[in-house]
Structures are given as structure tokens and as C-alpha cells.
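Undergrad: Please see the structure below; I have some questions.
What follows draws every value from the coordinates through simple rules; no lab data is involved. Keep in mind the model is a prediction, meaning the values are calculated, not measured. Neighbour counts are summed over all protein chains in view; Cβ atoms, including those assigned to glycine, are modelled from backbone coordinates with ideal geometry.
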Amino acid sequence: MQISRIHHYTSIETLALILASKKIRFNRTDRVDDITESQRHAKIRFGNYFFVSCWTYDSEESIPQWHMYTDRMRGVRISLPVAPFQQKRLIPPDSWKLESKGTMYAPLSLEEQFGPNYFVVPMYMEAKHFGGPVEYCDDVEARYEKAISFKIEDGRTLVNIKAPFDLVRLKTSAWSFQKEYRFALFVLPSFQVPAEGPGSPEFYERFPSHVINALINGIAPGVDFLDVDLSDNALREMEITLGPLCSEGSKIAVHALVKAYAPEATVRDSRFTGNIRAR
């Protein structure tokens with residue numbers, strides 16, 4: 001499947017926050033509309049650890065999604081290139097005892113990856129692991145059970161999670177109408193990285209047991225969301241579709257926001273404008 005653009009149905013207020021901050025917010029999956037995503041799968045409450053930004057790859061406007069996500073069709077649909085985030089050069093601080101070879105770029109800087117009480121697993125280093133279409137299946141739990149294994153070794157519990165970037169893009173077939181494209185971050189509870197960096201024994205010797213204890217006991221990382229920077233190119237290529245029942249005042253507000261924060265973006269009316277009766 002060749003996908004070049006993705007779309008997000010939302011309120012004008014959220015559009016204002018995106019344009020002003022030039023960031024996209026990733027929320028924990030125990031905050032999304034499918035309640036089953038917050039449930040415990042294979043003994044682990046993954047809703048605590050997957051942070052997602054949800055889009056659709058369906059280029060056609062969707063009446064159900066206009067209804068569900070845009071305040072009774074009075075919001076907007078944001079369209080962006082399929083790779084809309086900044087690529088930041090990864091440069092470790094001078095104090096970190098790390099040997100750096102070559103040049104690497106990622107949507108998050110190293111400082112953003114290592115928070116004060118969380119760690120973002122760098123699966124986002126590969127585009128196909130960071131974002132992709134959701135797979136719809138009838139038995140999500142069976143897929144989780146197959147991907148997660150526990151083993152006791154020398155009195156310690158070892159957890160192996162196969163392809164977490166695939167697990168976070170599984171949903172039940174009832175949601176297939178969304179044709180969802182999802183970006184995901186796998187965020188684990190951590191502790192402050194010492195001045196010497198994650199290569200310090202003080203960090204890497206304690207970190208595995210700290211994470212396993214958190215996963216088994218459902219301890220969430222100490223953050224509810226993460227914001228990721230959009231690229232300048234994404235802002236230039238942004239297209240904003242006005243909701244079918246958007247008021248004239250709201251249209252004026254959207255045009256003013258675009259003029260102030262993304263003057264090269266395009267604003268257009270919905271193809272359903274004038275065809276849907278307000279209730």
C-alpha cells in the first residue's frame with residue numbers, strides 16, 4: 001500500500017494548539033476512544049506504555065469521522081505528508097561516556113528520549129516501526145499472547161516482547177472503517193540518567209529490573225503525553241479542510257490561525273459543505 005498523505009479529524013481548538021506549537025501530541029493509549037486498548041494484554045497493561053498519534057490514510061472524507069471527532073462536523077480535517085516530523089541530529093552531551101560514530105537523525109533528540117522519569121525506546125529510528133497502517137483482526141488478545149513471553153532465570157523474571165511496534169498497530173475489526181494510520185512511541189518508566197549518561201553502570205545495571213517490575217505491576221511512566229515537533233516542510237504542505245457545518249466565524253478563525261502560524265498551508269471547504277443539514 002502506497003501512502004503519501006495522512007489526515008486527522010479534530011476540533012479548531014486542537015488545530016490552534018498544533019499550529020501555535022508546531023507539534024503533534026502523542027497520548028497514552030489508555031486515553032484513546034477504544035477502551036479495550038487500555039486493558040491488560042498478556043499480563044501487561046500496555047495502554048500505560050504505548051503513546052500514539054492517530055490519523056487516517058483514507059483520502060476520501062469520512063462522514064463517520066467528521067461526526068466522531070470534530071464537534072458535530074464543526075471542526076477541521078488536517079492533512080499532512082506521511083512523514084511529517086522533524087529529523088533531529090542525535091548528539092550526546094559531552095559528559096556522556098558514549099562513543100559516537102557517524103551521523104544519525106530521529107524525530108526525538110537524545111534529551112527528549114531520556115526524560116526525568118521515563119525512557120522512549122528508540123524503535124522510531126526506523127520509519128516503518130514509527131508509523132504505519134493499523135491492522136484489524138478478530139482476536140487481538142491472541143496476537144499479544146503469542147508475542148509476549150515470560151521466563152524465570154536465576155530468580156529473576158525476564159520479559160520478551162516481540163515487535164512492540166506491530167502490537168501497538170493492532171485493533172479489532174469493528175474499527176476498520178477508520179482506515180487508521182498510527183504513529184507510536186513505546187515509553188517505559190525510568191529514573192534520572194546520571195551525568196555520565198545511560199552507559200553508566202549506575203543506570204544500565206538497575207534499568208532492566210526497574211522496567212520489568214513496572215510492566216508486571218502496571219506502573220505507568222510519569223508522563224501522560226509527549227509532543228513531537230513537526231517539520232517546516234510538513235507545515236508548508238499542510239491542508240486544512242473546514243468541517244461541513246463550520247460556522248462563518250469559525251472559518252474566519254481558521255484562516256487567521258493559518259495566516260499567523262502556517263501561511264503556506266492551504267484551507268478549503270469540505271466536499272459535503274451545503275449537503276448536510278444541521279441538527
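Undergrad: Quick check: convex hull over the Cα atoms of segment 65-176, volume per residue in Å³, rounded to an integer?
TA: Expressed per residue, the convex hull around the Cα atoms of segment 65-176 is 201 Å³.
Undergrad: Between THR266 and PHE150, what is the FRET efficiency for a Förster distance of 41 Å, r being their Cβ-Cβ separation, to the nearest 0.05?
TA: According to the calculation, E is roughly 0.20.
Undergrad: Oh, and also: Working out 0.36 nm times the residue gap between SER11 and GLU135, then minus their Cα-Cα distance, what length gain in nm do you get to one decimal?
TA: So the chain would gain 42.0 nm between SER11 and GLU135.
Undergrad: Mind counting lysine pairs for me in segment 5-269? Cα separation below 20 Å, and the two need to be 8 or more apart along the chain or on different chains.
TA: So the count of such lysine pairs works out to 19.
Undergrad: From the phi of every residue in segment 85-91, what ³J(HN,Hα) in whole Hz does the Karplus formula 6.51 cos²θ - 1.76 cosθ + 1.60 yield, where θ is phi - 60° and glycine or proline is x?
TA: 9, 4, 10, 9, 5, 8, 10
Undergrad: Quick one: net charge around ARG72, please, counting Lys, Arg +1 and Asp, Glu -1 for every other residue with C-beta under 15 Å from its C-beta.
TA: Residues close to ARG72 contribute a combined charge of +2.
Undergrad: Evaluated at 37 °C with a viscosity of 0.692 mPa s, what Stokes-Einstein diffusion coefficient in µm²/s does segment 217-273 have when Rh comes from the Kirkwood expression over alpha-carbon pairs?
TA: 238
Undergrad: Find the Cα radius of gyration of segment 119-265, compare it with 2.2 N^0.38 Å by division, and give the number to two decimals.
TA: Normalised Rg, Cα atoms only: 1.43.
Undergrad: Please get the size of the charge dipole for segment 5-269, origin at its Cα centre, with Cβ charges of +1 on Lys and Arg and -1 on Asp and Glu, quoted in debye to the nearest 20.
TA: With Lys and Arg at +1 and Asp and Glu at -1, about 20 debye.
Undergrad: Evaluate E = 1/(1 + (r/R0)^6) for LYS43 and THR103, where r is the Cβ-Cβ distance and R0 equals 25 Å; express this FRET efficiency to the nearest 0.05.
TA: For R0 = 25 Å, the calculated efficiency reads 0.05.
Undergrad: Amide H of GLN86: which non-local residues (sequence gap of 5 or more, or other chain) have their own amide H closer than 5 Å, using H built in the peptide plane?
TA: For GLN86, the qualifying residues are ASP229, LEU230, SER231.
Undergrad: Per-residue HN-Hα couplings for segment 109-125, Karplus 6.51 cos²θ - 1.76 cosθ + 1.60 at θ = phi - 60°, whole Hz, x for Gly and Pro?
TA: Coupling constants for segment 109-125: 6, 4, 5, 6, 5, 9, x, x, 9, 8, 9, 8, 5, x, 5, 6, 5 Hz.
Undergrad: Taking the square root of 5 times each eigenvalue of the Cα gyration tensor, what semi-axes in Å does the equivalent ellipsoid of the chain have, largest first?
TA: 37, 24, 15
Undergrad: Now for a different question. Is it possible to state the helix-based mean residue ellipticity at 222 nm for the chain, with each DSSP H run of 4+ residues giving -39500 (n - 2.57), the sum divided by total residues, to the nearest 500 deg cm²/dmol? What is it?
TA: -6500 deg cm²/dmol
Undergrad: Between SER247 and ALA174, what length comes free when the chain is fully extended (0.36 nm per residue of separation minus the Cα-Cα distance, one decimal in nm)?
TA: 23.1 nm
Undergrad: While we're on this one: Provide the packing ranking of 102-110, 234-242, 204-212, i.e. peptides ordered by the mean count of other C-beta atoms within 10 Å per residue, highest first.
TA: My ranking of the peptides, most packed first, is 234-242, 102-110, 204-212.
Undergrad: Now, a different point. Considering amide H positions built from the backbone, and no H for Pro or chain starts, which residues 5 or more places from VAL267, or on another chain, come under 5 Å of its amide H?
TA: Sorted by chain and number, the residues that satisfy this are ILE240.
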